[in-house]
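Below: the structure, in structure tokens.
The values are calculated or read from the model by the stated rules, or taken from the named source; none is laboratory data. Please read all numbers here as calculations on a predicted model, not as lab measurements. Glycine gets a Cβ as well: all are built from the backbone with ideal geometry, and neighbour counts include every protein chain shown.
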Amino acid sequence: MGCAQSSATETASFKNRKMEEFELKKKKPECTGMFWRSDPTGKTTLAGNDHWPRDGAILRGVVVEVEGEKWLLTKEVKQKGSSQWKEAPKGAAMPFEYEDHYYLE
């Protein structure tokens with residue numbers, strides 16, 4: 001599941017913001033999870049797609065808004081059914097809404 005990323009201008013500073021947790025949910029039955037997206041602020045390049053979140057995963061990170069869109073700059077992921085947090089790749093981000101298919105809640 002990919003989407004093109006345009007260059008983004010950060011509209012809110014995310015330094016010193018608190019970490020928050022959200023669940024990856026979906027509206028349609030296709031797919032079993034969502035690959036990481038690159039940091040929309042452009043400050044960090046996505047290092048890889050390890051531990052991409054599957055349906056029902058819990059994501060922990062910092063919320064930012066870029067060009068009117070809400071994103072989670074993800075630091076850790078805990079897959080559904082697991083008790084272990086795993087570090088997300090450097091530069092991993094997740095949109096709060098993706099093509100009326102996936103969303104964070």
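Tabulated results
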| quantity | calculated |
| --- | --- |
| Tally, over the range 20-32, of residues that are under 14 Å from the mean Cα position of the chain (by Cα) and modelled with pLDDT under 95 | 1 |
| Long-range neighbours under 7 Å by Cβ, at least six apart or interchain, first residue over 20 Å from Pro29 (Cα atoms) within the range 52-63, second among the acidic types (Asp, Glu) and buried (at least 21 other Cβ atoms within 10 Å of the Cβ) | none |
| Inter-residue pairs, beta-carbon under 7 Å, first in contact (Cβ under 8 Å) with a residue 40 or more places away in the chain and in the range 84-105, second polar (S, T, N, Q) and assigned to a strand (DSSP E or B), 6+ apart | Ala88/Thr74; Gly91/Ser38; Ala92/Thr74; Ala93/Ser38; Ala93/Thr74; Met94/Thr74 |
| Counted residues, the range 69-93 - those being within 19 Å of Leu46 (Cα to Cα) and hydroxyl-bearing (Ser, Thr, Tyr) | 1 |
| Residues that are surrounded by fewer than 19 Cβ atoms within 10 Å (Cβ to Cβ) and part of a loop (DSSP other than H, G, I, E, B), drawn from the range 32-47 | Thr32, Phe35, Gly42, Lys43, Thr44, Thr45, Leu46, Ala47 |
| Complete set of residues in the range 64-101 that are in a loop (DSSP other than H, G, I, E, B) and out of contact with any Leu (no Cβ under 8 Å at 6 or more places or on another chain) | Glu67, Gly68, Gln79, Lys80, Gly81, Ser82, Ser83, Gln84, Trp85, Glu99, Asp100, His101 |
| Number of positions in the range 53-87 that are under 18 Å from Thr32 (Cβ atoms) and of a type in the set (A, V, I, L, M) | 4 |
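Condition check ((1) crowded, with 19+ Cβ neighbours inside 10 Å; (2) modelled with pLDDT under 95; (3) more than 12 Å from the chain's Cα centre (by Cα)) across all residues:
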position	(1), (2), (3)
Asn49	no, yes, no
Ala57	yes, no, no
Glu65	no, no, yes
Ser83	no, no, yes
Lys86	no, no, yes
Met94	yes, no, no
